[in-house]
Ligand SMILES: Cc1ncc(COP(=O)(O)O)c(C=O)c1O
């Protein structure tokens, strides 16, 4: 049904946009005014109408090393020709072993055991299952409840939406399949608007965890899961001291702490992981996206020694964890990830992000304007929050997004927030272009 066999590559809009039911998209609105990306290199996309678009959202928070990196492309091409697929159930191939070793060396503390999957959603569901299996293996099988957080995003599996706290992602899907409770989110415009980096206000919100634990009793709670910096809800930066409190309280009650680092992992904050940035070791950590620079789907869960060792025990020859995916440790994804890690190392991209984060903070806060409710930043993450227009919430965000796109910049929007996360390879002059385009968009919206 496309205009040509390679309709997208030719730059033409396919004739029939109907059959592709687009994810997390206003399908009818989009299809009335389609925006197609047909190629990519470095920090730029090319649109179907032949324009260069600066990628201010790193694909979807994943292309940290820039698009079509030669080293990663060649590694994928070579691997697919050598070993396209091999199972990892009771069989193996060398790559996931090599990759797990390199990842373990990159993680802080003893987060040294790596379970591979194919996405962030799968990583979250895997981590929740590992938490349950851990407590059961230790004879504390009553610990089955999970504590998430309002405005949290943990993917779209049933586990992920149960612990997640974004109403739109939950309301159409009935009661959650697992028992949960939720911490309050940490965002208060009244107390922290326009904070540079971590807000001073809000550490006390972690004390709510004590109240929730008292309500359910610690003996019924398996784990607390949070994004160290909440990404999808519009970049909510944790108040100073907040994550430290969560760590102390979970530890005191024998509850596991899971950091969902699907966005914050692999350099976004100028360190390998947010856990390293904040100097807090969670018991489990979920990653995806930047693990392969977004080129091949892959996710992973990192587990500390005590979690792994409690489960990987029992009779010789018995499977210890009845969990896994056909594509866990897929050879092509592993090759992409190994090449990606090499690029991160060789090009010093985490250090580069740390250095650019200083200029980034300044650029974000120079956008201050009467139409804005907030500007926030940490590492190479940032957000612009509009005051909603009277009677039309979300309109300013969408209009600003469109203005940017028409002027050569792609950023995420929703509803009245623009989220900013460019590839870590972005140069100073590209940053200047990005922020002058944003400034014009803020001026242009009514
Ligand atoms: C923190 C977090 N967890 C989980 C996910 C889900 O990842 P995926 O879309 O790969 O399933 C995302 C996706 O943005 C995320 O930001």
Any chance residue 344 is modelled with pLDDT of 95 or more, within 13 Å of the ligand (Cβ to nearest atom) and over 16 Å from the mean Cα position of the chain (by Cα): no
Sole residue being buried (at least 16 other Cβ atoms within 10 Å of the Cβ) and at negative phi, chosen from 95, 189: 95
Selected residue (only one of 235, 224 is in contact with a helix residue (DSSP H, G or I) (Cβ under 6 Å, 6 or more places away or on another chain) and not assigned by TED's automatic domain parsing to the domain that holds residue 375): 224
Segment 225-248, residues that are under 20 Å from residue 111 (Cβ atoms) and more than 11 Å from the ligand (Cβ to nearest atom): 238, 243, 244, 246, 247, 248
Residue match in segment 114-129 (condition: in the same structural domain as residue 221 (by TED's automatic domain parsing), more than 16 Å from the ligand (Cβ to nearest atom), surrounded by 19 or more Cβ atoms within 10 Å (Cβ to Cβ) and modelled with pLDDT of 95 or more): yes
Test result for residue 200, part of a helix (DSSP H, G or I) and surrounded by fewer than 18 Cβ atoms within 10 Å (Cβ to Cβ): no
Segment 369-398 - residue that is outside any loop (DSSP other than H, G, I, E, B) and out of contact with any strand residue (DSSP E or B) (no Cβ under 9 Å at 6 or more places or on another chain) and, of those, surrounded by the most Cβ atoms within 10 Å (Cβ to Cβ): 378
Tally of residues being assigned to a helix (DSSP H, G or I), touching a residue at least 12 places away in the same chain (Cβ under 8 Å) and in contact with a helix residue (DSSP H, G or I) (Cβ under 9 Å, 6 or more places away or on another chain) across segment 399-431: 7
Residue within segment 63-71 that is within 16 Å of the ligand (Cβ to nearest atom), in contact (Cβ under 8 Å) with a residue 12 or more places away in the chain and either touching a strand residue (DSSP E or B) at 6+ places or on another chain (Cβ under 6 Å) or within 24 Å of residue 336 (Cβ to Cβ) (or both) present: yes
Residue 357 vs. criteria out of contact with any helix residue (DSSP H, G or I) (no Cβ under 7 Å at 6 or more places or on another chain), in a helix (DSSP H, G or I) and closer than 17 Å to residue 118 by Cα: no
Close pairs from segment 103-132: first under 23 Å from residue 338 (Cβ atoms), partner within 16 Å of the ligand (Cβ to nearest atom) and part of a helix (DSSP H, G or I), Cβ under 6 Å, at least 6 apart: 108/275; 115/126; 117/123; 117/126
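The values are calculated or read from the model by the stated rules, or taken from the named source; none is laboratory data. Predicted model only: the values in this text are computed from it and were never measured. Positions of Cβ are backbone-derived with ideal geometry, glycine not excepted, and every protein chain shown enters the neighbour counts.
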